[in-house]
1. Where the only charges are on Cβ atoms (+1 Lys, Arg; -1 Asp, Glu), what is the dipole of the stretch A:332-400 about its Cα centre, to the nearest 20 debye?
2. With a ≥ b ≥ c taken as the square roots of the eigenvalues of the C-alpha gyration tensor of the stretch A:450-529, please select rounded if a/c is under 1.5 and otherwise prolate if a/b is larger than b/c or oblate if it is not?
3. Using just the helices of chain A, give the 222 nm mean residue ellipticity in deg cm²/dmol: DSSP H runs with n ≥ 4 each add -39,500 (n - 2.57), and the total is spread over all residues, rounded to 500.
4. Relative contact order of chain A: what whole-number percent is it, with Cα pairs under 8 angstrom and at least 6 residues apart?
5. Taking the beta-carbon count within 10 Å as an exposure proxy, list A:R123, A:R12 from fewest neighbours to most.
6. As an exercise, use a Förster radius of 22 Å and the Cβ-Cβ distance of A:A16 and A:I511 to find the FRET efficiency, rounded to the nearest 0.05.
7. Between A:T504 and A:E9, what is the FRET efficiency for a Förster distance of 22 Å, r being their Cβ-Cβ separation, to the nearest 0.05?
8. Show me, for the stretch A:217-227, the HN-Hα J-couplings you get by feeding each phi into the Karplus relation (A = 6.51, B = -1.76, C = 1.60, θ = phi - 60°), rounded to Hz, glycine and proline as x.
Amino acid sequence: MHIDLHMLEWARAQFAMTAIFHFFFVPFTLGMSFMVAFFETIYVKTGKAEWKSATQFWQVLFGINFAIGLSTGIIHEFEFGTNWSTYSWVVGDLFGAPLAIEGVVAFFMEATFAAIAFFGWKRVSKGVHLTSSWLLAAGSNLSALWILIANGFMQHPSSAFYTFDIDTARLELTNFFNLILQPVAQVKFLHVVTAAYTMASVFVLGVSSLYLLKGKHIEFAKKSAAVGAAFGLVASIAVAVIGDDHAYEVANTQPTKIAAMEGLLVGEKGAPIVAIGIPNHKTLDEIKNMQNNDDSFSLALPIPHLLSILGKHSFDAFVPGIKDLVYGNKEYGIWSFDHLKAEGQRALADLKAYHEAKARGDEAAMQAANADFHAVVADVNGVKVQRAALMGYGYLTDPAKQFFPPITPVFFSFHLMVALGFWFILLFILAYASIMKGTYVDNKLVQKLAVYTIPLPWVATSFGWMSAEIGRQPWTVFGILPTAHSVTPLDLVNVKATFFMFLTAFIVLGIAELKMLFTVVKSGPKGAH
Amino acid sequence: MFNKILLFYIDGFKNLSSLGKKLWLLIIIKLVVIFVVIKVFFFPTVDTKVNGEKAKQALYINYLTKTTTTKKSQKEE
């Protein structure tokens with residue numbers, strides 16, 4: 001059977017478009033739900049009407065985003081069934097569990113408490129309303145946890161929580177708690193939610209600063225800016241700290257991704273981080289002949305040893321580059337592409353042999369194939385790696401195109417995300433210091449910076465996902481299933497038609513959201529309810 | 001208790017602001033488009049083309065063990 005790469009490319013484009021659009025709403029919902037709960041807590045504590053007014057204003061902006069973003073994620077589920085049915089077949093039993101829980105948690109918690117939060121201002125007590133606001137925030141953040149557990153599995157599937165059933169060719173969940181507690185998912189969750197809190201804080205600070213610049217709603221803006229700056233300072237620092245943990249997990253579980261993120265072509269002890277640089281394009285033959293990274297960048301501002309420190313928590317640790325990962329490095333026990341491919345092809349041969357034996361009723365041959373399929377071929381830090389976990393490498397033919405992600409987009413998306421993350425910290429320091437001194441109302445420079453920064457968290461979070469998801473290529477499930485082999489094994493012309501339908505729908509919804517947000521912001525806190 | 005909850009929702013919807021009404025209208029249109037128009041008419045799954053669990057399993061196992069990659073355009077050339 002042949003894969004039509006046009007189908008693959010359309011399916012990927014559609015999924016990327018849906019994910020990016022969906023993710024415009026998600027982090028704002030995660031962050032603003034907590035922001036609203038903070039404002040309401042201050043209102044309940046002080047009993048002052050202006051804090052209630054502030055809470056209701058930010059709640060309306062949260063509500064617009066919540067309503068327009070609602071169920072845009074459902075489209076992904078359709079795409080799993082239509083465009084990615086091989087993926088769904090192989091991992092559906094495992095991947096479906098967290099998604100199902102997310103659906104239930106999101107539906108019941110968010111639907112229940114959103115109703116009380118929006119309808120209950122005059123109908124329930126202050127305490128019940130405040131509790132509902134906090135539970136709404138907790139519910140939306142818990143939804144993100146389940147999604148990121150599913151995503152964490154795709155980044156680093158571990159035998160600690162699954163087994164590959166050779167009979168059905170499907171992964172089966174063996175340990176639910178190990179799935180939940182997988183370190184890759186946990187740090188990813190914390191990184192995403194703290195980024196979401198940063199986004200909401202930038203928005204609150206930016207809109208408040210806009211009012212101050214225009215001389216409108218001054219008292220409201222001062223209060224809101226103080227909450228936004230304080231919450232944002234803590235959140236943005238937390239993003240960076242957790243991002244460091246996230247990078248450590250990536251460095252130790254997805255070496256091709258970290259090499260692409262840092263443009264590391266040749267492995268080094270005491271590897272640097274290139275803070276600013278332009279990676280040179282190199283063919284794999286050129287990389288093979290490179291002895292060091294002197295020619296890896298056109299322009300580079302390296303910080304010596306930092307990649308080893310962050311990625312391996314050791315000043316002089318070896319970090320493998322693309323060359324080591326493709327051609328292997330015996331000194332550091334790194335398998336070559338050819339070695340991995342040989343194991344993958346053997347796993348595929350076992351899968352085929354098992355089903356041929358099953359067709360002719362040969363029990364002994366089935367058992368032999370099954371045993372070889374599940375044979376332990378490596379021990380990575382105490383985790384037994386079975387041959388089945390390397391099956392995906394058997395599909396790869398050209399290491400130059402299929403074995404590691406494209407370096408330039410991963411490098412730039414990662415570095416721009418990091419640069420924006422540091423900019424947010426600086427902005428919050430400037431704003432918070434000015435607020436503490438009591439000079440923020442007259443600090444036009446920082447106010448303008450805050451207004452111009454409003455769209456940047458959306459850019460940063462999109463770059464973050466691009467570095468995570470493009471960086472995972474060529475895999476949907478690392479080592480087990482390549483993206484090219486995850487698509488539906490049937491010609492589905494509808495993928496092109498639906499791409500443009502979604503694009504149109506997303507543009508219409510995007511315009512509607514922006515129009516409503518602008519209208520409410522223009523009206524100010526008095527016009528919120 | 002049930003009546004109280006029902007009245008809470010009825011009262012909430014009755015007293016929606018104009019912005020709230022617009023958002024609910026948008027939600028309803030969006031859900032109809034996603035779940036009725038797009039899902040029903042534009043998202044046939046493999047289930048609609050392959051009959052039965054056994055046939056589906058055979059399709060995927062065959063696909064997983066016999067796949068080669070080519071570009072359609074290259075084949076056509």
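1. Values: 7 positive and 9 negative charges, 18 e Å.
Roughly 80 debye, rounded to the nearest 20.
2. Details: a/c = 4.33, a/b = 1.82, b/c = 2.38.
Verdict is oblate for the stretch A:450-529.
3. Estimated from H runs of four or more residues: -23000 deg cm²/dmol.
4. 20
5. A:R123, A:R12
6. 0.60
7. Efficiency for this residue pair is about 0.65.
8. Residue by residue, the stretch A:217-227 yields 6, 4, 5, 4, 5, 4, 5, 5, 4, 5, 5 Hz.
Values quoted throughout were computed directly from the atomic coordinates according to the rules given, and no laboratory measurement underlies them. On a predicted model such as this, the values are computed, not experimentally measured, just so you know. Backbone-built Cβ (ideal geometry, glycine too); neighbour counts: all protein chains shown.
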